[in-house]
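The structure appears below as structure tokens.
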Amino acid sequence: MSEAPVEKSPSYWRLVAREFMRRKLSVAALIGVSGFILVALFAPWLANDAPIVLVRDGRVYFPSTFTYPELRSIDWAYYMDNLPEGQWALMPPVPISPYRDDIFNTLRPPSREHPMGTDDVGRDVLSRMIWGSRISLSVGFVAVGIAVVLGVIFGSIAGYFGGMVDIIISRIIEIVICFPMFFLLLTIIALVARVNIYYLMFAIGIVGWTGVARLVRGEFLKLREQEFAVAARALGAPATRVMFRHILPNAIAPVLVSATFGVAGAILTESGLSFLGFGVPPPTASWGSILSLARQYVYQAWWLTAFPGAAIFLSILCYNLIGEGLRDAVDPRLKV
Amino acid sequence: MSGRGDDNHKVLDVRGLCTRFFTSAGVARAVDEVALSLQRGKTLGLVGESGCGKSVTALSIMRLVPDPPGRITSGEILLDGQDLASLSEKRMREIRGREVAMIFQEPMTSLNPVFTIGNQLIEAIRVHEDLSKSQARRLALEMLERVGIPNPAERLSNYPHQLSGGQQQRVMIAMAISLNPRLLIADEPTTALDVTVQAQILKLLDELRREFSIGILFITHDMAVIAQTADDVAVMYAGRIVETADVFSLFKAPRHPYTRLLFESIPTEKARGSRLRTIKGTVPPLTHLPRGCNFQKRCPLAIERCIEEDPTLREIAGGHLSACHRAEEVEELMR
Amino acid sequence: MTSNGTVVEVRGLKKHYPVRQGVFSRVAGSVRAVDGVSFSIARGRTFGLVGESGCGKTTCARAALRLVEPTEGDIFINGTNILSLSGKHLRRARRGFQIIFQDPYASLNPRMTVGAIIGEGLKVHRMASRRERRRRVTELLERVGLSAGAAGRYPHEFSGGQRQRIGIARALALSPAFLVCDEPVSALDVSISAQIINLLKDLQEETQMSYLFISHDLNLVEYICDEVAVMYLGRIVEQAHAEVIYERAMHPYTRALLAANPLPDPEKRREKILLGGAVPNPASPPQGCHFHPRCDAADEACRLQYPKLVEIGGGHLVACHMVDQKSKTSQ
């Protein structure tokens, strides 16, 4: 019997992944979100004035021509129109920077040149959409990341130790929850002189941690008394080990689910703030800010509303579908 | 109420009942060719370990097997001669609660926590009987008093959580017998209770059985409880009845190796100082039962024939049935 | 270990839970879950604690291991008062006393492999290198009747009986002198529970561990224990050698418990001395003897004063005014 090799069986997360993969809609959403993430990551190579590859004076500039110091000062729009003899360049699929305006081509409907039309100062909407996805997605991830980290720390401390610590943390959570989230955000933004995207992420994260903290606290309260946690204490394991090796891995699944929904919420919040004009300052593009602009041209320029609106809708739908799939996949009735 | 006057009348006669679960892992033979018969005013104990199919048998009789994945594939369930297996769902709904009632292990889960006891009792009565609210209330009070609940009038306005486990089970019993059913199915009714409360509930069930001439199908895993309550016993293993007899001859001389081993694995003062007999291995999955006898792989008496041929339930002595090829030798070989 | 072979000695153990009320969580009273329990267990012996749900037997066991902090009392294990230890010292001392649980589903971390679960104690106490740990886990798995291949699997792949074996192996890893068995077989089927009971008996024979065996099953306690204590509402009401309890129980509660206990023999179907009512709410136990409202023999004294646990000979302890009076008059 001792000769029997140690058989490895699938871990919990492997089983969750397997279960998740059974849900076609959620898998489609995951592919969709991956698409959005890829677009955001590769925005500089997807929509730019600058070429991806430039061969100049026998030297190859690749992959990011915009990072070379000697090319910094070049006005790419002009440069590419008058590409000197002997030089060769490969342009991105959308060869227009999100900031290049064109007063002769304002509010143009979608065309070959501008597949999503142009805005009120003639900037290409598609290019701005591509760059805007960076803001929307990074706000989502970073804000939720902050919320999850804070929430897990405070929630686990409150839930594990209980007593006075729990009372204090719980009251803080309740106080934060009492404020309507959106107005709290507006207040935080009003307090800082110059809004930038990092403040936004930070603000959304700071406001959003309470939900995670309550969830984690509840899980810890429940799991702390579970016999496997008691058994770990009986073995002489220190509190940190019981908390992080035994309880947290069992509490993390619902947090992950709520974080996924949280990303959707953060994207919506950012869009909402930008729509109201409290978001990222111009000329930075975000889906919300394009939509905000669209307000003034609702009747003239449908494309300003339709494309960012659809992007927000689709990304949120995808995150929610992933969240739902995940929630079903980590369901305790899975018997693992 | 045809046939109720006859004392030897069979309230319940189950013949060749098969219930299958169609799962991704295969077809599970949860109940396989089960035959049971219960006389009026008697208690039939159905014993077996978890997963042997005893609860599914009860659900099949009530026609409450979740479908899908489960389905009664064949067999007759005769309640006073009427075959429940072939009734329409509508007709079945009239029979449930009215003619066949059921009580469960966890009374708390069968009582709705947001309604008062009275509300639920009165509703349950009025679903089946054309009574006014006050008449139903009077009946409910009477029943609560009968099952030994102190201050029944006060209890009517209590919520389930305000009652102890034993009292909740009493309320369930009151609800079950209020419509004077012919058959009461009790699925592990005392497993969640303390032994002193268990003794009270068992006594109550026994009294009610005599008083109302109800046939009780008593399902449990506890041999000791069966020994104390049942008139006849059917032992179930892996979806089948392996042995059935009156309680005295079953406990005195079990004719199936499984029953025998079950008895010997119970710790008692008699066994003190000696090791307990155990059954090697585990119950085979109901989706992949072995060829031949279901118990063959764990049986100390298994011979070639047990692997080849599926034993059927046959009479060994007067009214004592066993599904074992070597039933006659069990007594001698397993000393 | 002290000279007389006593491994565990618990004296006057109390665990009171405060009952909080209102917005400011004022302490309004207390639930005396365990209220002055004393016992001792010799090396290689089994001490049984029986009682109905809510009698405090589980709390008592956990307090004896300091898994819940006792309110009062002394607990000597191998001669050390573990209540005087704290922090690191207590954690180190835990090697000497372990516990196995009732629920084989809840007591194993579902996210850890069986190997990690069993090896955890060795890891926490740095008692073995990784290599030795693996060897020891294999050894333990085989000792409890599982194959070595089980180490890489997760708990959910095992049946209830197998999980209980894993829990036993985890406790054994630290070679404790004292093992608390908290209803170790009540969630298992009869045939499986017999296997586990046999395993526990074999292990005790091999290692001379002392067991504190908690159960509501009188038949089982009678079979496995040397000494038995019956608990009612946080206190021991009767304590004696197992045979004595079953043959000459003196306390009316013990008698009622025994009478209510079904025997697996239809010939012994007796008309029961039925105990009325149920266990009262431990937050407000009756005045005087906690058992008097359910006791037929109760008189004035029982309503006024809680009876002392007194020895009536041969190590047989009873807490009952009636028994006390009888033994006094007979002397």
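The values are calculated or read from the model by the stated rules, or taken from the named source; none is laboratory data. Small disclaimer: the values here were computed from a predicted structure and weren't measured. Cβ: placed from backbone, ideal geometry, glycine included. Neighbour counts: every protein chain shown. When the accessible area is computed, the model is the full protein with side chains, heavy atoms only, and any ligands, DNA or RNA have been set aside. Shrake-Rupley method; radii C 1.70, N 1.55, O 1.52, S 1.80 Å.
Could you tell me which numbered condition C:E157 fails, if it satisfies all but one of (1) farther than 27 Å from B:G281 by Cβ; (2) open to solvent by 40 Å² or more (accessible area, probe 1.4 Å); (3) free of Cβ contacts under 8 Å to residues at least 12 places away in the same chain?
Going through the list (1) farther than 27 Å from B:G281 by Cβ; (2) open to solvent by 40 Å² or more (accessible area, probe 1.4 Å); (3) free of Cβ contacts under 8 Å to residues at least 12 places away in the same chain, C:E157 breaks only (1).
In segment B:55-72, what residues are within 18 Å of the chain's Cα centre (by Cα) and either over 20 Å from B:G26 (Cα atoms) or small (G, A, S) (or both)?
Of everything in segment B:55-72, those that are within 18 Å of the chain's Cα centre (by Cα) and either over 20 Å from B:G26 (Cα atoms) or small (G, A, S) (or both) turn out to be B:S55, B:A58, B:L59, B:S60, B:I61, B:M62, B:R63, B:L64.
Name every residue in segment B:319-335 that is farther than 16 Å from B:R240 by Cα, of a type in the set (A, V, I, L, M, F, W, C) and not in a helix (DSSP H, G or I), in order of residue number.
B:M334
Restricting segment B:285-335 to residues that are hydroxyl-bearing (S, T, Y) and touching a residue at least 60 places away in the same chain (Cβ under 8 Å), which is least open to solvent (accessible area, probe 1.4 Å)?
So in segment B:285-335, the residues hydroxyl-bearing (S, T, Y) come out as B:287, B:312, B:322.
If we keep only those that are touching a residue at least 60 places away in the same chain (Cβ under 8 Å) as well, we get B:287, B:322.
On the way: B:T287: 42, B:S322: 0 Å².
So the residue we want is B:S322.
Go over the candidates A:V212, A:V176, A:V257 one by one and state the one that is farther than 30 Å from C:R95 by Cα and either modelled with pLDDT of 90 or more or not in a helix (DSSP H, G or I) (or both).
Working: A:V176 fails: either modelled with pLDDT of 90 or more or not in a helix (DSSP H, G or I) (or both); A:V257 fails: either modelled with pLDDT of 90 or more or not in a helix (DSSP H, G or I) (or both).
Going through A:V212, A:V176, A:V257 in turn, the sole match is A:V212.
Kindly evaluate C:V68 against the criterion of being modelled with pLDDT of 90 or more, touching a Lys or Arg at 6+ places or on another chain (Cβ under 6 Å) and closer than 28 Å to C:L188 by Cα.
On the way: modelled with pLDDT of 90 or more: yes; touching a Lys or Arg at 6+ places or on another chain (Cβ under 6 Å): yes; closer than 28 Å to C:L188 by Cα: yes.
The answer is yes for C:V68.
Let's see how each residue does on (1) open to solvent by 10 Å² or more (accessible area, probe 1.4 Å); (2) under 27 Å from C:N78 (Cβ atoms); (3) in contact with a strand residue (DSSP E or B) (Cβ under 7 Å, 6 or more places away or on another chain):
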site: C:Q98; (1), (2), (3): no, yes, yes
site: C:H125; (1), (2), (3): yes, yes, no
site: C:E132; (1), (2), (3): yes, yes, no
site: C:G145; (1), (2), (3): yes, no, no
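What's the number of the only condition in (1) more than 8 Å from chain C (Cβ to nearest Cβ); (2) touching a helix residue (DSSP H, G or I) at 6+ places or on another chain (Cβ under 7 Å); (3) open to solvent by less than 40 Å² (accessible area, probe 1.4 Å) that A:G236 fails to meet?
If we test A:G236 against (1) more than 8 Å from chain C (Cβ to nearest Cβ); (2) touching a helix residue (DSSP H, G or I) at 6+ places or on another chain (Cβ under 7 Å); (3) open to solvent by less than 40 Å² (accessible area, probe 1.4 Å), just (1) comes out false.
Name the single residue that is nearest to C:L67 (Cα to Cα) among those in segment A:210-230 being in contact with a Phe, Trp or Tyr (Cβ under 7 Å, 6 or more places away or on another chain) and of a type in the set (A, V, I, L, M, F, W, C).
We begin by selecting, within segment A:210-230, every residue in contact with a Phe, Trp or Tyr (Cβ under 7 Å, 6 or more places away or on another chain); these are A:213, A:220, A:224, A:227.
Now drop any that are not of a type in the set (A, V, I, L, M, F, W, C), which leaves A:213, A:220.
On the way: A:A213: 26, A:F220: 17 Å.
Checking each candidate, the answer is A:F220.
Pick out the one residue from A:Y61, A:Y68, A:Y99, A:Y78 that is over 21 Å from A:G309 (Cα atoms) and open to solvent by 60 Å² or more (accessible area, probe 1.4 Å). Working first, answer last.
Numbers: A:Y61 fails: open to solvent by 60 Å² or more (accessible area, probe 1.4 Å); A:Y68 fails: open to solvent by 60 Å² or more (accessible area, probe 1.4 Å); A:Y99 fails: over 21 Å from A:G309 (Cα atoms).
A:Y78 is the lone residue from the list that is over 21 Å from A:G309 (Cα atoms) and open to solvent by 60 Å² or more (accessible area, probe 1.4 Å).
Can you go through A:T118, A:T187 and tell me which one is open to solvent by 70 Å² or more (accessible area, probe 1.4 Å), of a type in the set (S, T, N, Q) and on the phi < 0 side of the Ramachandran plot?
On the way: A:T118 fails: open to solvent by 70 Å² or more (accessible area, probe 1.4 Å).
Exactly one of A:T118, A:T187 is open to solvent by 70 Å² or more (accessible area, probe 1.4 Å), of a type in the set (S, T, N, Q) and on the phi < 0 side of the Ramachandran plot, namely A:T187.
Residues checked against (1) part of a strand (DSSP E or B); (2) within 25 Å of B:L193 (Cβ to Cβ); (3) open to solvent by 50 Å² or more (accessible area, probe 1.4 Å); (4) touching a residue at least 24 places away in the same chain (Cβ under 8 Å):
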| residue | (1), (2), (3), (4) |
| --- | --- |
| B:P68 | no, no, yes, yes |
| B:T73 | yes, no, yes, yes |
| B:R91 | no, no, yes, no |
| B:N112 | no, yes, yes, yes |
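Just to be sure, is A:A232 assigned to a helix (DSSP H, G or I) and modelled with pLDDT of 90 or more?
Values: assigned to a helix (DSSP H, G or I): yes; modelled with pLDDT of 90 or more: yes.
So A:A232 fits the description; yes.
Please go through segment C:69-88 and give me each residue that is part of a loop (DSSP other than H, G, I, E, B), of a type outside the set (V, I, T) and under 21 Å from the mean Cα position of the chain (by Cα), ordered by number.
Residues of segment C:69-88 that are part of a loop (DSSP other than H, G, I, E, B), as a first pass: C:69-71, C:78-79, C:85-86.
So of that shortlist, the ones also of a type outside the set (V, I, T) come out as C:69-70, C:78-79, C:85-86.
Within segment C:69-88, C:E69, C:P70, C:N78, C:G79 meet the criteria.
Here are some conditions: (1) open to solvent by 10 Å² or more (accessible area, probe 1.4 Å); (2) assigned to a strand (DSSP E or B); (3) modelled with pLDDT of 90 or more; (4) not small (G, A, S). B:V27 meets all but one. Which one does it not meet?
(3)
Based on this model, can you work out whether C:R303 counts as open to solvent by 10 Å² or more (accessible area, probe 1.4 Å) and either hydrophobic (A, V, I, L, M, F, W, C) or away from chain B (no Cβ under 11 Å) (or both)? Reasoning before the result, please.
Details: open to solvent by 10 Å² or more (accessible area, probe 1.4 Å): yes; either hydrophobic (A, V, I, L, M, F, W, C) or away from chain B (no Cβ under 11 Å) (or both): yes.
Answer is yes for this residue.
Could you list, in sequence order, the residues of segment A:42-58 that are open to solvent by 30 Å² or more (accessible area, probe 1.4 Å) and free of Cβ contacts under 8 Å to residues at least 40 places away in the same chain?
The answer is A:F42, A:V55, A:R56, A:D57, A:G58.
Can you tell me which residue is surrounded by the fewest Cβ atoms within 10 Å (Cβ to Cβ) among those in segment B:30-59 that are charged (D, E, K, R) and not in a loop (DSSP other than H, G, I, E, B)?
Taking segment B:30-59 and keeping what is charged (D, E, K, R), we get B:32-33, B:40, B:42, B:49, B:54.
Now narrow it down to the ones that are not in a loop (DSSP other than H, G, I, E, B): B:32-33, B:54.
Working: B:D32: 22, B:E33: 18, B:K54: 28.
Step by step, filter segment B:30-59, then rank; the result is B:E33.
Just give me the residues in segment C:175-196 being in contact with a strand residue (DSSP E or B) (Cβ under 6 Å, 6 or more places away or on another chain), of a type in the set (A, V, I, L, M, F, W, C) and surrounded by fewer than 22 Cβ atoms within 10 Å (Cβ to Cβ), in sequence order.
Within segment C:175-196, the subset in contact with a strand residue (DSSP E or B) (Cβ under 6 Å, 6 or more places away or on another chain) is C:176-184.
So of that shortlist, the ones also of a type in the set (A, V, I, L, M, F, W, C) come out as C:177-181.
Selection gives C:A177, C:F178.
For segment A:239-254, enumerate the residues that are buried (at least 22 other Cβ atoms within 10 Å of the Cβ) and more than 12 Å from chain C (Cβ to nearest Cβ).
The answer is A:M243, and nothing else.
So A:V148 passes all but one of these: (1) crowded, with 19+ Cβ neighbours inside 10 Å; (2) farther than 30 Å from A:W287 by Cβ; (3) among the aliphatic types (A, V, I, L, M). Which condition number does it fail?
(2) is the only condition that A:V148 fails.
Looking only at segment C:60-82, filter to residues that are in contact with a Gly (Cβ under 7 Å, 6 or more places away or on another chain) and not acidic (D, E); which one of those is surrounded by the most Cβ atoms within 10 Å (Cβ to Cβ)?
For segment C:60-82, the residue satisfying everything is C:I77.
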